[in-house]
Amino acid sequence: MMFTRAIVRTPGRSVVNGVTTANLGKPDYQRALQQHERYIEALKTCALEVTVIPPDEEHSDSTFVEDCAVLTEKCAVIGNLGVGSRKGEESSVEKILRGYYSNIVHIKDPGTLEGGDVLRVGKHFYIGVTGRTNAEGASQFIQILNGFGYSGSMIPVIQALHLKTGVAYLGENNLVMAGEFINHPGFADFNAIVIDKYESYAANCIRVNGYVLLPAGYKQTRKLIADSGYSVIEIDVSEFRKIDGGISCLSLRY
Ligand code: CIR
């Protein structure tokens, strides 16, 4: 599917305190800013018009706007973030979306849902049930989807932070997969692009129009994806990796 727009949020200084399990040290703020600018340039190369939201210092992880919402042609679904420190990030994203969507629906307590857990394939949405997205949030989301002519199904996730930490749909039935999602029965019908365990971070990549955006420095993955027929743009996101974030989390595409 083609996208025309994206929303991103400039990281604030508080990004250095983002929630993490990575053990890679704290992000360098200046470097994070530079990497974020390159990321925006890459989206523009993919022909997207990019809306940049100013930093939200109160929420250290708010640069990961993907988690705040799920966007479709027909509606915007505002998530309900599953970790206390991120609650409230959605409201400024929703404000922007009001300019583009007349149908805006919310996931409500006790349901939680983060956009990083939602993988779209055509008119179907796979929803990871994780530490961030619960079954109640996923079933609210499926109900909403059904009302707009889409379908959804749940994928229990055991290790990954989010579903899309380990899977990415590139189109043409090609599914990038790493870790627990390799040989997963829920994804048996796809053409699997299997990521080496030493490069599993690169499984979080995105297809945007004519390109695949990939984190820089993952040579085998780059070759695999290029050999599958895609034009790859590499972006250094090392500072975001330090707080468990990646290529997909940094934008909402629509
Ligand atoms: C968090 O733990 O919420 C952030 N430090 C990372 C969020 C990454 N988002 C994503 O994978 N969609």
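Out of the residues in the range 190-236 that are under 18 Å from Gln34 (Cβ atoms) and not hydrophobic (A, V, I, L, M, F, W, C), state the one that is nearest to the ligand (Cβ to nearest atom). Residue satisfying both the conditions and the ranking: Pro215. Among the residues of the range 213-228, those identified as touching a strand residue (DSSP E or B) at 6+ places or on another chain (Cβ under 7 Å) and not charged (D, E, K, R) are Leu213, Leu214, Pro215, Ala216, Thr221, Leu224, Ile225, Ala226, Ser228.
Only one of Glu58, Glu37 is away from the ligand (no atom under 15 Å from the Cβ) and either at negative phi or of a type in the set (Ser, Thr, Tyr) (or both); which? Even if it seems obvious, please write down each step before you answer.
On the way: Glu58 fails: away from the ligand (no atom under 15 Å from the Cβ).
None of the others qualify; the one that does is Glu37.
Total residues in the range 31-54 satisfying the condition of being more than 26 Å from Leu163 (Cα to Cα) and either surrounded by 21 or more Cβ atoms within 10 Å (Cβ to Cβ) or in contact (Cβ under 8 Å) with a residue 24 or more places away in the chain (or both): the figure is 5.
The test for being charged (D, E, K, R) and either in contact with a His (Cβ under 8 Å, 6 or more places away or on another chain) or away from the ligand (no atom under 13 Å from the Cβ) (or both) does not hold for Glu239.
Against the list (1) of a type in the set (Gly, Ala, Ser); (2) exposed (fewer than 15 other Cβ atoms within 10 Å of the Cβ); (3) out of contact with any Leu (no Cβ under 8 Å at 6 or more places or on another chain), the condition Ser151 fails is (3).
Read-outs throughout are calculated quantities, based only on the coordinates presented, and are distinct from any laboratory measurement. Keep in mind that this is a model prediction, so the values were computed, not measured. Every residue, glycine as well, gets a Cβ built from its backbone with ideal geometry; the counts of neighbours run over all protein chains shown.
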